[in-house]
Amino acid sequence: MNAKLVADEINYWSVLIYYNNKKNTVISSKTTVISESELSEKEKIIYNKLKDWRADKAREAQLPAYIIFHNTHLMSIARHKPCTLDDLENVNGIEKRKVEKFGIEILEVLENA
């Protein structure tokens, strides 16, 4: 960003803002899985393992499970099976701070499923 005071009859600020386009890497689809019935049998197995992991995390943090991740987020993760933290961040509804906090553990669950 560049800013400059322009002296004229009436002084004013001129501001020039630069921005970089965020690289859009989209996992097959950004749609959210709404129902467990939309998952394949393999995806349901992954979803259940993610739910078990989430329950452990919620117990440790003494929080409701949905605060860790909502069911629809876990279903979307099970559907898309991200392989990297960047892939995980591109799953619909997954925030960067949650990827930073839980991403490696989620990828481990997916790898072992």
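Cα axis of helix 71-80 to longest principal axis of the chain: angle in degrees, 0 to 90, nearest 10? Once rounded, one gets 90 degrees.
Each Lys and Arg adds +1 at its Cβ and each Asp and Glu adds -1 at its Cβ; summed about the Cα centre, the stretch 27-112 shows a dipole of about 200 debye.
Under Stokes-Einstein, with the Kirkwood radius over Cα pairs as Rh, the value for the stretch 27-112 at 10 °C and 1.306 mPa s is 125 µm²/s.
Let me have the relative contact order for the chain, percent, based on Cα pairs under 8 Å that are six or more residues apart.
Details: 112 pairs, mean separation 30.0, N = 113.
Reported as a whole number, the value is 27 percent.
Put in order of Cβ neighbour count within 10 Å, fewest first, the listed residues 13, 53 become 13, 53. Along the chain, the exposed loop sites are GluC sites (Glu not before Pro) outside DSSP states H, G, I, E and B with at most 11 other Cβ atoms within 10 Å, and the longest stretch free of them is 10-94.
Which order results if 74, 5 are arranged by neighbouring Cβ count within 10 Å, fewest first? All intermediate terms of the calculation are to be shown ahead of the outcome.
Details: 74 24, 5 9.
Ordered by Cβ neighbours within 10 Å, fewest first: 5, 74.
In this simple spin-label approximation, residue 48 and residue 105 carry label points 7 Å from Cα along the Cα→Cβ vector, and these lie 2.2 nm apart.
Scanning residues 5 or more positions from residue 33 or on other chains, those with amide H under 5 Å from its amide H are 76, with H placed 1.01 Å from N in the peptide plane. Cβ crowding within 10 Å ranks 84, 72 as 84, 72, fewest other Cβ atoms first.
Add +1 for every Lys or Arg and -1 for every Asp or Glu among the other residues with Cβ under 15 Å from the Cβ of residue 67, and state the total.
It works out to a net charge of +4.
We did not get these values from a lab; they are worked out from the coordinates using the rules stated. All figures in this text were calculated on a predicted structure; none of them were measured in a lab. Using ideal geometry, Cβ is built from the backbone for each residue, glycine included, and neighbour counts are taken over all protein chains shown.
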